[in-house]
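Step one of this worksheet: look at the structure below.
The values are calculated or read from the model by the stated rules, or taken from the named source; none is laboratory data. Computed from a prediction, not measured in an experiment: that's the story for all the values here. Here the Cβ is made from the backbone with ideal geometry for all residues, glycine too, and neighbour counts use every protein chain on show.
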Amino acid sequence: MDQQNVAGSIDNGIGQFVAEASQAVDDVTPLFDISDYPEDMHDLINECNKRIDEANSKYRIARYREDMFAKGLKAGMYFCTFDRNENMLSFEFNDETRQMLGYDGLSDLPNEFDSWVKTLVPEERDGIVKLFWDSVKMHRELPDITHATYRMQKKDGSIIWVTGAGRFIRRPDDGSLEIYVGCYRDITAQQELEEYLKIIEAISKVFNFSMFIDVSDMSYRMISTNEYVEMVPKDPDALQFLKNNVAVSVAEGFRADLYEWLDKDKILTAIEEHGSTSKEFYSESANRWFDGIFMVGDRNEDGSIAHIVYGCQDTTEAKLQSLAQQKKISEFETEIYIDSLSKIHNRKFLDEKLVYEPCNAVVMADIDLFKTINDTAGHRCGDEVIKEVAGILDRSVGEDNVVIRYGGDEFLMVFFDITKKGLEEKLSSIKPELRNIKAASSHGITITMSFGGVFGTELVNSLIQTADKALYEAKKTRDTYTIIDL
């Protein structure tokens, strides 16, 4: 077959090939409907829609070029011819393929099979070349049109994703392979969009505040945010913006450690060694515990990190559950953290173990007119009353919560998982038990207590002062409780 007839066959083949190939291409990616998402996610959705629209624009241009293909015009093509023994006779690129790969004319990228091989990404080269020859070897078992998506390396070393569609043109008499013709479509933008959306979807499900950070200049895109982050002064540098968050919302005891952690070189080193790096902290603004974490977003072709992801994960519930499960303490802790008289936890346990733990409620309580008990029945009776009161309170709060002898006849109760209604019912149930305390009743004394409670998720230390104020109000009446709801 002469060159003119070969070219004519290729042109005719391309018309059939591209029409069929176009039918196999998915349609453009639809935009998200912003009304389907809560308001605090609108910025994220708008950013996603912007990226989708940009990719769709490139995609529509590519589809338009395919339609031109179907009309017999050439772009992003290659073709090769074979003898009847299916040995390759020739291999050709068209100019559009060279332009796509950044080469300048025939002398820069000759019409040779090895030229195609050298455009493949080195670590993937052997596998793709084997796939090519395996396809040629078994072409009779394959449909006329085949598809493959893989990476190619441009002259400048940059990498693009292409989808390759090839058509086998067989000799009508013996079915041997005569021409293998195909085209490339650069789908890098579409691949990047899909990867970006995967990152967005995963991050938005896990983190309630997250950022996608460009390592080269530490610029960033907000992926998810919250009302507390929005109140923080903005900064174009991601790490400075995070430091602003620390200054505004994080409890003071955690700040120095976080400032030291927010160092670009340290973060990248930790990610390379361990895959991620994280820090726990308590947000005073949100009254919640969080884990801040940095991890890889994506990498450059040379393996260096291109983007990192930062996210904040709310760990309050897990922390509460963990604390509630700590029902036993060591023998050493028993000696130093248990009050010798009442046999419940002492003030040292509060100061060293509980003050910076989150809880649902704190209650301060003391025995009404305790001095009168000591004066009337004696200090020994007073000690017995304290022991019996401690036992009642300890049984009432349950194993997952804590009662502490705060000092003298004052007690503090910490609840890690309770509703306001449940708290009220618990305090009401304690009152009749107190009236039956034997040490006091044998002297004709009835025991009552006043309770001041505060309900709301916070650090124990942050609730004690409010509970003390509530107790002050309850003491005005005595034998009652006052609860302040945060």
Requested in this report: Sort out which residues of region 136-156 are over 16 Å from residue 186 (Cβ atoms) and either modelled with pLDDT of 85 or more or assigned by TED's automatic domain parsing to the domain that holds residue 302 (or both), and write them in order of number.
Outcome: 136, 137, 138, 139, 140, 141
**Report entry** Residues located in region 273-292, provided they are part of a strand (DSSP E or B) and either in contact (Cβ under 8 Å) with a residue 40 or more places away in the chain or within 24 Å of residue 359 (Cα to Cα) (or both)
**Finding:** 278, 279, 280, 281, 282, 283, 288, 289, 290, 291, 292
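Going residue by residue through region 111-119, is there one that turns out to be under 38 Å from the mean Cα position of the chain (by Cα) and either modelled with pLDDT of 90 or more or within 30 Å of residue 173 (Cα to Cα) (or both)?
Of the residues in region 111-119, the ones under 38 Å from the mean Cα position of the chain (by Cα) are 119.
Filter again for either modelled with pLDDT of 90 or more or within 30 Å of residue 173 (Cα to Cα) (or both), leaving 119.
Looking for residues that are under 38 Å from the mean Cα position of the chain (by Cα) and either modelled with pLDDT of 90 or more or within 30 Å of residue 173 (Cα to Cα) (or both), one finds at least one in region 111-119, hence yes.
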**Report entry** Top-ranked residue in region 303-320 [being out of contact with any Gly (no Cβ under 9 Å at 6 or more places or on another chain) and either in contact (Cβ under 8 Å) with a residue 24 or more places away in the chain or outside any helix (DSSP H, G or I) (or both); ranked as nearest to residue 402 (Cα to Cα)]
**Finding:** 320
Requested in this report: Confirm whether residue 136 is in contact (Cβ under 8 Å) with a residue 40 or more places away in the chain and touching a strand residue (DSSP E or B) at 6+ places or on another chain (Cβ under 7 Å).
Outcome: yes
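Residues being part of a loop (DSSP other than H, G, I, E, B) and closer than 24 Å to residue 317 by Cβ: count how many of those fall in region 392-444.
So the count comes out to 8.
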Query raised in the report: Of all residues in region 445-483, how many are at pLDDT 95 or above, among the aliphatic types (A, V, I, L, M) and part of a strand (DSSP E or B)?
Result: 3
Query raised in the report: Which of (1) at pLDDT 95 or above; (2) part of a helix (DSSP H, G or I) does residue 361 not meet, given it meets every other one?
Result: (2)
Report task. Tally the residues that are assigned to a loop (DSSP other than H, G, I, E, B) and either touching a Gly at 6+ places or on another chain (Cβ under 9 Å) or at pLDDT below 85 (or both), restricting the search to region 85-107. Result -> 1
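Specify the residue that is modelled with the lowest pLDDT; the eligible residues are those in region 236-268 that are hydrophobic (A, V, I, L, M, F, W, C) and outside any helix (DSSP H, G or I).
251
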Query raised in the report: So which residues in region 85-110 are over 17 Å from residue 160 (Cβ atoms), surrounded by fewer than 17 Cβ atoms within 10 Å (Cβ to Cβ) and touching an Asp or Glu at 6+ places or on another chain (Cβ under 7 Å)?
Result: 89
Report summary line: Going through (1) assigned to a helix (DSSP H, G or I); (2) surrounded by fewer than 14 Cβ atoms within 10 Å (Cβ to Cβ) one by one, residue 233 fails only at (1)
Report summary line: In region 333-358, anything assigned to a loop (DSSP other than H, G, I, E, B) and aromatic (Phe, Trp, Tyr) is listed as 356
Requested in this report: Considering (1) more than 29 Å from residue 358 (Cβ to Cβ); (2) free of Cβ contacts under 8 Å to residues at least 60 places away in the same chain, say which one residue 241 fails and leave the rest.
Outcome: (1)
